[in-house]
Amino acid sequence: MDFIVYFVQTVVKMLAIAVVAFGGIRLGKVLRDRSDAKKEAQAGEEKTEPAK
């Protein structure tokens, strides 16, 4: 019986770690997309400004 309890605890811990990892990957992608969009917008503004 102890083995089953220990196994279930291990599986729950593994799932918790997997959820945190997946959340980190998703958050990183959102932040990278936001950063890329900001850089692209700034690059677009530099191209449209008239040369002095």
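The values are calculated or read from the model by the stated rules, or taken from the named source; none is laboratory data. Computed from a predicted model, the values in this text were never measured in an experiment. These area figures cover heavy atoms from the full protein model, side chains too; ligands, DNA and RNA do not enter into them. Shrake-Rupley method; radii C 1.70, N 1.55, O 1.52, S 1.80 Å.
Laid out as a table, the results:
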quantity	calculated
Solvent-accessible area per residue, Å², over the chain with all protein chains present [probe radius 1.4 Å]	101
Difference of contour (0.36 nm per residue) and Cα-Cα distance, A43 to L15	5.9 nm
Two-decimal Rg to Rh for the chain - Kirkwood Rh, Cα set	1.55
